[in-house]
Structure formats: structure tokens, C-alpha cells
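See structure below.
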Amino acid sequence: MIQSFKLIPSAAGRKMPVYMFQIDDLLLDTGPRSVEKQVRSIVKDIHITRVIHTHHHEDHTGNSAWIQKEYNLPQWIHPVGVSMCQRATRLPFYRAFMWHNRDAFFPTPLEAEYVETDCYRFKVVHTPGHAEDHIVLIDEGKAICFTGDLYLFHSPVSNFSFESVPEIIRSLDKVLAYSFQDIYCSHRGYIRNGRKLLERKHAYLLELQECVLQAFQAGKSPKQIRKELLPKSRWFQYISFFENSSTHTVKSILKEL
């Protein structure tokens, strides 16, 4: 049994949905603290015995400290993310405004190759790029993949300063080597035939990477490349004070030269 729970944090008139998923007795992610009342109501009404996190970001772990305190359930995250969870967050204003800071909690390193529930057997795949501890869960028998934040958009025009486009491409390479069709995205929910969107994102990022490298080899500066390839600034870039920007997209590609 899979249940999707749509959480809708909002700030300054903007809504940014986040999803938690119940897979049999397993809860995948705990949502942001800004919607803690909704999360508490959900958790009290479902049967779960454990929690796995796709990664440490505050919109995925915001209620984990409360779950640990209230229910003392075992929680897991990729080993790289353990120490990040053991500290309370101190977020930039725009992220704290939307998601809220979260308290420290103490998950166990997820080192198993597979995670099993009554009806599913998931391959745990490490997929850094968006976050260094990011994982996805793939059940090839059921042809499904819980993608965390690996998908989000099929043609992103900007990235956070902590993201790496080449690393995301490598993670997509890795995931697309498995057999699945439908995806469960942490910000888009269930997407039938979502594999096609992952393939589309993969192709888009490969082409963008090639265009950036060709322009750099032709002698253009990162600033010139950004203006030519990714000229438009979006609302989120402004409210993040350009912590999320197309400049980071270009620089992350050039960083590996």
C-alpha cells in the first residue's frame, strides 16, 4: 500500500507543495516544520514503524525530531547525512520563512542495499547532486521509483550554490540504468510514466552542459555564458537573493574542468 500526503507550505502568496509517502509501515520523509500541524495529524492516523529520509534538507526532515520524541521510531538516512541531522538548522531567511528551521534529531546511517516492506523491495541508490546524501528507492518488480528531489523539473534553468549539474547527470545515469516507469516525486507527487520526464531532464542537462563547455572553450566568461544560455531570472532567484541562480548552474559545470 502506498499513500501520498500532499503538504502545502506557503509564504508571501507562493505555495510550494511537498509530499510525504507511506509505503506499508514505512514513512518516506517527514515534510517541513512549517506544516507541522498537518504532519502531526497525518502521523497520528496512520500505522508506521519506521522512517527513511531521501536527504537531510529541511523540507524533508522538518518533523523528524518530533517523531523521534513522540514515537521513538527508528529513522534512517544516507551515512553522509547523519551529522547534518544531528544539528539544528540555521537557514537563510527565505528558506526559514517557507520551511522553518528544524530541530536536531539522530537518525541511523542507511547502509543496507535494499529496503523491504510487506509489498515492496526497494534498491537504495545513492544519487548526489542536489544534496550529497540524496537517495532514491527503486522497486523494479513494481516498476516504481521514489525520486526525492532528483526530478523536480525536466528543464531547470537555475541551481542552488550547493548543487552540481554534472553530479545530477551522473545520478540520472545511474537511476535510468534500472527498470521502472512510474515515479513518486517529493514535490510533484505520483507521476505516471514519470521515467520519460527523468529521461527528458537527463537529455536537457547533457545538452546544456555541452553548450556551456563549448562556449567556455571558445573563450567566453561564465557571466557571458549565463547571459547567452540562461538569460531570464525567475521569481525564486530573487527571493533567494540569488543563492538559487543560473550563475551557479554554469559554475557547477565549469568547476569540473
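The values are calculated or read from the model by the stated rules, or taken from the named source; none is laboratory data. Because the structure is predicted, anything quoted here is derived from the model rather than measured. We place every Cβ from the backbone using ideal geometry, glycine too, and count neighbours over all the protein chains shown. Protein only, heavy atoms only, side chains kept; ligands, DNA and RNA dropped before computing areas. Shrake-Rupley method; radii C 1.70, N 1.55, O 1.52, S 1.80 Å.
Summary table below
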{"item": "Of all residues in region 1-30 being aliphatic (A, V, I, L, M) and farther than 20 Å from ASP45 by Cβ, the one that is most open to solvent (accessible area, probe 1.4 Å)", "result": "ALA12"}
{"item": "Residue check for SER155: part of a loop (DSSP other than H, G, I, E, B), farther than 29 Å from LEU7 by Cβ and either in contact (Cβ under 8 Å) with a residue 40 or more places away in the chain or among the polar types (S, T, N, Q) (or both)", "result": "no"}
{"item": "Scan of region 35-49 for residues that are open to solvent by less than 50 Å² (accessible area, probe 1.4 Å) and outside any helix (DSSP H, G or I), ordered by number", "result": "ILE46, ILE48"}
{"item": "Complete set of residues in region 158-196 that are small (Gly, Ala, Ser), in a loop (DSSP other than H, G, I, E, B) and closer than 23 Å to ARG121 by Cα", "result": "ALA177, SER179, SER186, GLY194"}
{"item": "Unmet requirement for GLN181, which otherwise passes all of (1) over 18 Å from the mean Cα position of the chain (by Cα); (2) in contact (Cβ under 8 Å) with a residue 40 or more places away in the chain; (3) open to solvent by 10 Å² or more (accessible area, probe 1.4 Å)", "result": "(2)"}
{"item": "Those residues of region 38-60 which are out of contact with any strand residue (DSSP E or B) (no Cβ under 8 Å at 6 or more places or on another chain) and closer than 17 Å to ALA96 by Cα, in sequence order", "result": "HIS57, GLU58"}
{"item": "Subset of region 214-237 (residues that are in a loop (DSSP other than H, G, I, E, B), under 24 Å from the mean Cα position of the chain (by Cα) and within 22 Å of LYS255 (Cβ to Cβ))", "result": "LEU230, SER233"}
{"item": "Among the candidates LYS174, LYS196, LYS142, residue that is surrounded by fewer than 19 Cβ atoms within 10 Å (Cβ to Cβ) and more than 26 Å from SER252 (Cβ to Cβ)", "result": "LYS142"}
{"item": "Qualifying residue in region 200-213 (condition: in a loop (DSSP other than H, G, I, E, B) and among the basic types (Lys, Arg))", "result": "no"}
{"item": "Selection count where residues are among the aliphatic types (A, V, I, L, M), surrounded by 11 or more Cβ atoms within 10 Å (Cβ to Cβ) and at pLDDT 90 or above, scope region 213-257", "result": "7"}
{"item": "Whichever residue in region 141-160 is farther than 17 Å from LEU172 by Cβ and small (Gly, Ala, Ser) and, among such residues, is farthest from the chain's Cα centre (by Cα)", "result": "GLY141"}
{"item": "Single unsatisfied condition, ILE77 versus (1) surrounded by 17 or more Cβ atoms within 10 Å (Cβ to Cβ); (2) touching a residue at least 60 places away in the same chain (Cβ under 8 Å); (3) closer than 23 Å to ASP118 by Cα", "result": "(2)"}
{"item": "Filter pass, VAL136 being among the β-branched types (Val, Ile, Thr), part of a helix (DSSP H, G or I) and closer than 23 Å to ILE23 by Cα", "result": "no"}
{"item": "Matching residues, region 69-123, being in a helix (DSSP H, G or I), at pLDDT below 95 and either of a type outside the set (Ser, Thr, Tyr) or closer than 16 Å to ASP133 by Cβ (or both)", "result": "PHE93, ARG95, ALA96, PHE97, MET98, TRP99"}
